[in-house]
Amino acid sequence: MRNDVLLRGVLLGLAVPVLLLTGGLGSGPASAHAALVGSDPKAGSTLAVAPTTITLRFNEAVGNPAYVAVTAPDGSKVEVTDVKAVDQNVTATVEDADMRGRYSAAYRIMSTDGHPVTGTVAYEVTAGRTVGQVEAPQEQSFLHRHRGHLLWGILAAAVAVALLLAPLRRRDDADRA
């Protein structure tokens, strides 16, 4: 009888963290969030001169606040002002950095369901002074971004298992005495 109780306690203690972990890993991104459907300048395009405005178009209306940050070919930030989200479009005024090379425009908007959506649009400019091109930082995987959360979750699961098994241990000690 005691072994059955112990076995059930162990299985229950292991089942809860496993279910939580597999449930969290199995959930993918929701499809209800806003998605970028177009931009001006277009992603990957080559322009003779740097644009003075950037327009991002989404598949649904987006809310404020909306942010746009442009990085010049040398890695410096380009001045961005007057960012507006109206219906499905986000527009921003961009100062001319007068540099030849690859620019990246990173954005962060609020989807209508309240979730933030981020992304980057890159384009090339052929006019301006030549500078050393700085490569954009590599995107990190989900596990790299959330490894701290994962470690804390495993620690919490271990504590939960220990707390679930503690009464069984006390009962076992009492039976021996």
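The values are calculated or read from the model by the stated rules, or taken from the named source; none is laboratory data. Here the structure is a predicted model, which means the values were calculated and not measured. In this analysis, Cβ positions are derived from the backbone assuming ideal geometry, glycine residues included, and neighbour counts consider all displayed protein chains. Each accessible area value is taken on the protein alone, full model and side chains, heavy atoms only, with ligands, DNA and RNA left out. Shrake-Rupley method; radii C 1.70, N 1.55, O 1.52, S 1.80 Å.
In this structure, Asp87 and Thr118 have a Cβ-Cβ separation that, at R0 = 22 Å, corresponds to a calculated FRET efficiency of about 0.65.
Spin-label pair Asp98-Leu164: with each label point 7 Å from Cα along the Cα-Cβ axis, the two points sit 6.7 nm from one another. Protein-only accessible surface at a 1.4 angstrom probe places the residues His149, His33 in the order His149, His33, largest first. You can think of it this way: the chain between Thr130 and Val49 has 27.8 nm of extra reach, that is 0.36 nm per residue less the Cα-Cα gap. Exposure check, 1.4 Å probe, all protein chains in place: His115 carries approximately 90 Å² of accessible surface.
Potential lengthening of the chain between Asp74 and Leu155 amounts to 24.9 nm, from the contour at 0.36 nm per residue minus the alpha-carbon distance.
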